[in-house]
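The values are calculated or read from the model by the stated rules, or taken from the named source; none is laboratory data. Note that the coordinates shown come from a computational prediction; the quantities given were computed from them, not determined experimentally. Virtual Cβ from ideal backbone geometry, glycine too; neighbours counted across all protein chains shown. For the accessible areas, the whole protein counts, side chains as well, though only heavy atoms, and no ligand, DNA or RNA atoms are used. Shrake-Rupley method; radii C 1.70, N 1.55, O 1.52, S 1.80 Å.
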Amino acid sequence: MPIANRTRRLLRLTTLLCMGLAPVLQAAEPITTSDGLPIGHYRLPADGDVIGKVQTTTSEHEETLIQIGHRYGVGFEEMRRANPKLNMWLPGDGTEVTVPTRFILPPGPREGVVVNVGEMRLYYYPPANEGEPRQVETYPISVGRMDWKTPLGTTRIIDKIENPLWYPPESIIKEHAERGDNLPSVVPAGPDNPLGKYKMRLGIPGYLIHGTNKPQGVGMRVTHGCIRMLPEDIEQLFPRLPVGTNVRLINDTFKLGWSNDILYVQAYPGLEEQANTPISRVTDALSAVASAVEGREYPVDYGQLREEVESPSGVPVALQLLDMQPRYDRFADDPSLYGEFYLVADPYWWEETQKAPSQSTGPS
């Protein structure tokens, strides 16, 4: 901008200030969910399983994808999967960023706390007063590394402590010592305490839900088995979770859910130590979809299902086949779901049958 123009603008602003007519600078409006609620809070659907919606935003100078994700309540791996072509640490000023804030609710009762280890996400179903709509809250978490698994099962919160001390167990003291880092037997409350400002003890001995002094790692497998939350998330959740709250720990990396009569899939990579194979993942997915659509005339898009099984995006994707062109079933004599999967999903077969449909006279 030319110097003369800048000078005129400064003079105009000074005049307005003197007259008391300067516009009031307002703070940026807080980010809300698609339901107009605070970040992470959604209305519980009365009939359906899907909450939220995928959003886009624009990165600012030297802003990381981690920082953007935290503003929207999204963790490290979720942001990385949703933006595979962007640099996590420097996406660049003005870059469009996808924020994956749409979720299929985990299976099972919608009550208390549900921790889905494979998704690295915590869900809380707060009680509602009579006549009020129910809500669900969801937060990114960190879970145990491959050699320090987060346990599964049903438990409850048995104790809550603010500004906790940390008593590292001998196994962790030994691990740090091998790296030349000598841990004290007690770490006091403060900025060096890895538990952050809040901890909630679970009924499974030795395991906690707690804050952190290293929020950058939230959304990754970096803990010694505990469940780690962003400082701002546990700060608002801690006072509202009474001792005795039920906590259900599951590992569900393949979720199905309905919304407006459309079936959605949300898939995540399996944990490294899981022994399932690509074939078993396919057959498990097909069985789950078959159960979900049983009794319905629903056109499943098996090609989309195959893509999500092979390359999980972590974002809910519709499994509704829109192209209903008739095609010859070369797997007509194969009663297995695996044959049905490749009937619809094999692009090579589809291309070949379009070239020479008259030659397709039966199963190959």
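A DSSP coil position with no more than 12 other Cβ atoms inside 10 Å describes the following trypsin sites (Lys or Arg not before Pro) in the range 139-196: Arg179. Among the GluC sites (Glu not before Pro) in the range 228-294, those placed in a DSSP loop whose Cβ has at most 13 other Cβ atoms within 10 Å are Glu272, Glu273, Glu294. Listed by chain and number, the lysines whose alpha-carbon sits under 28 Å from that of Lys199, ignoring those within fewer than 8 places in the same chain, are Lys149, Lys160, Lys174, Lys214. Calculate, for Met88 and Ala128, the FRET efficiency according to 1/(1 + (r/R0)^6) with r their C-beta to C-beta distance and R0 35 Å; round to the nearest 0.05. E(calc), rounded to 0.05, equals 0.40.
Annotation for the range 37-94: chymotrypsin sites (Phe, Trp or Tyr not before Pro) lying in DSSP loop with at most 14 further Cβ atoms inside 10 Å of their Cβ are Trp89. Protein heavy-atom accessible surface, 1.4 Å probe, per residue over the range 201-280: 43 Å².
All other residues whose Cβ lies under 15 angstrom from that of Val186 are scored, Lys and Arg at +1 and Asp and Glu at -1, for a net of -1.
A crude spin-label estimate for the pair Tyr298 and Glu235, with each label 7 Å from Cα along the Cβ direction, gives 4.2 nm. Once backbone amide H atoms are built at 1.01 Å from N, Ile141 has Arg121, Leu122, Gly219 as its partners under 5 Å, excluding neighbours fewer than 5 places away on the same chain. For a test of the definition: using alpha carbon positions, the gyration tensor, and the 1.5 limit on a/c, classify the range 147-208 as rounded, prolate or oblate. The shape class here is oblate. Taken one residue at a time, the phi angles of the range 284-298 give Karplus couplings (6.51, -1.76, 1.60, θ = phi - 60°) of 5, 5, 5, 5, 5, 5, 4, 5, 5, 9, 4, x, 10, 8, 10 Hz. Gly and Pro are set to x.
Could you look at the range 117-220 and say what percent of its accessible area is carbon and sulfur, using a 1.4 Å probe and all protein chains? Mind showing how you got there, number by number?
Numbers: 2820 of 5400 Å².
Ligands and nucleic acids excluded, carbon and sulfur reach 52 percent.
The simple spin-label model puts a point 7 Å past each Cα toward its Cβ; for Glu178 and Thr277 those points are separated by 3.2 nm.
Would you mind working out the magnitude of the charge dipole of the range 82-123 relative to its Cα centre, with +1 at each Lys and Arg C-beta and -1 at each Asp and Glu C-beta, to the nearest 20 Debye? Display every interim value, and only then the final one.
Working: 4 positive and 4 negative charges, 25 e Å.
The dipole magnitude comes to about 120 debye.
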